[in-house]
Amino acid sequence: AAEPLHVFANPPVAPRPGKGKVRYFGPGRHEAGVIVPESGETVYLAEGAEVHAAVFVDRAQDVRIVGRGIFDFSGFERCDRRISEVRKSHGLPETDTEFACGAFVVNASTNVLVEGVVLRDAPFWNCIVRGGSRNVTIDNVKIIGAWRYNADGIDIAGCEDVAVRNCFVRAFDDGAVVLDGYLDRRPADSRNIVFEDNVFWNDWGASFKLWGGSFSCVNENVVFRRNCLARVCSRAFAVRSHLGCESWTARNILFEDIEIDLDF
């Protein structure tokens, strides 16, 4: 069957910052390995930039990753040693290796903005916000080319005050997930999480999943509003215990103004 053509209309991009620490990628192809932004840094992808790199924001604050370019993850495999070695060098345990291959990871960081970029062809989960991160905004991000097994869209794990808005997510596996501190192997609640004005297209898993992992934690104040489920595969919404969790608490969960297209 023919694949659909996805066309994205973007608002004007903010100009390249003239002050502060800026990592700039201009038009063209760039081989950048694993990008680890520092506190206060802006990573700017100009229109036409194709950056072959994974991203790991670790224990940083006031980080901006913006522009109209593409992060291409096609050169990474699941459990890729290049990503794992960087994470180990930052003190993460050996048990974290598998989830190191979230291609775009925000870990234990505060005041992070991700805006306008494209994330393409992740080997595992595309975008993970985890480790107690707070005040994270993901806006107008496009996730495409997620053909590989277990390629989730956006996963929020044990964090607070996270907003995902105006995004397009075409995921092989789950589109949007809110869970506990399972990735960090410790109890961690998720609170004040908003997904609104997004489009989700799923080729396998659930459009939205809320779940307890290994610990009896709390997921609360989660809003899923004005989202379009352009293609539903296994199920639109899943609220469940998972991976050995005997009990957990879901509190103040809102589903509102959801458009579900069943004509596919």
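Ellipticity at 222 nm from helices only: DSSP H runs of n ≥ 4 in the chain, each -39500 (n - 2.57), divided by the residue count, give -1000 deg cm²/dmol. Expressed per residue, the C-alpha convex hull volume of region 202-257 stands at 67 Å³. Near the amide H of V43, within less than 5 Å, lie the amide hydrogens of R23, R64, I65, V66, all on another chain or at least 5 residues away, with H placed in the peptide plane. Shape class for region 53-208, computed from the alpha carbon gyration tensor (a ≥ b ≥ c): rounded, with a/c under 1.5.
For the chain, a Gaussian network of Cα nodes joined below 10 Å ranks A49, A171, A151 by mean-square fluctuation, and the top entry is A49.
Distance from the alpha carbon centroid of region 56-112 to that of region 2-20 works out to 22 angstrom. Of all lysines in the structure, not one has an alpha carbon short of 18 Å from that of K88, not counting any fewer than 8 places away in one chain. Pick from R134, R29, R170 the residue whose mean-square fluctuation is largest in a GNM of the chain, springs joining Cα atoms under 10 Å. Looking only at R134, R29, R170, the biggest GNM fluctuation is shown by R29. Backbone phi angles across region 198-205, fed through the Karplus curve with coefficients 6.51, -1.76 and 1.60 (θ = phi - 60°), yield HN-Hα couplings of 10, 10, 10, 10, 10, 9, 8, x Hz in residue order; Gly and Pro are listed as x. Considering only P187, P12, P37, the mean-square fluctuation computed in a Gaussian network model of the chain, springs between alpha carbons under 10 angstrom, is largest for P12. Once both labels are positioned 7 Å from their Cα atoms along Cα-to-Cβ, the gap between L243 and E259 label points is 3.3 nm. The equivalent ellipsoid of the chain has semi-axes of 26, 22, 18 Å, largest first, where each one is the square root of 5 times an eigenvalue of the Cα gyration tensor.
Take L262: with every protein chain present and a 1.4 Å probe, its accessible area is about 130 Å².
The values are calculated or read from the model by the stated rules, or taken from the named source; none is laboratory data. None of the values given here were measured: they were computed from a predicted structure. So basically every Cβ, Gly included, is an ideal-geometry build from the backbone, and we count neighbours across all protein chains shown. Side chains included, ligands, DNA and RNA excluded: accessible areas come from the protein's heavy atoms. Shrake-Rupley method; radii C 1.70, N 1.55, O 1.52, S 1.80 Å.
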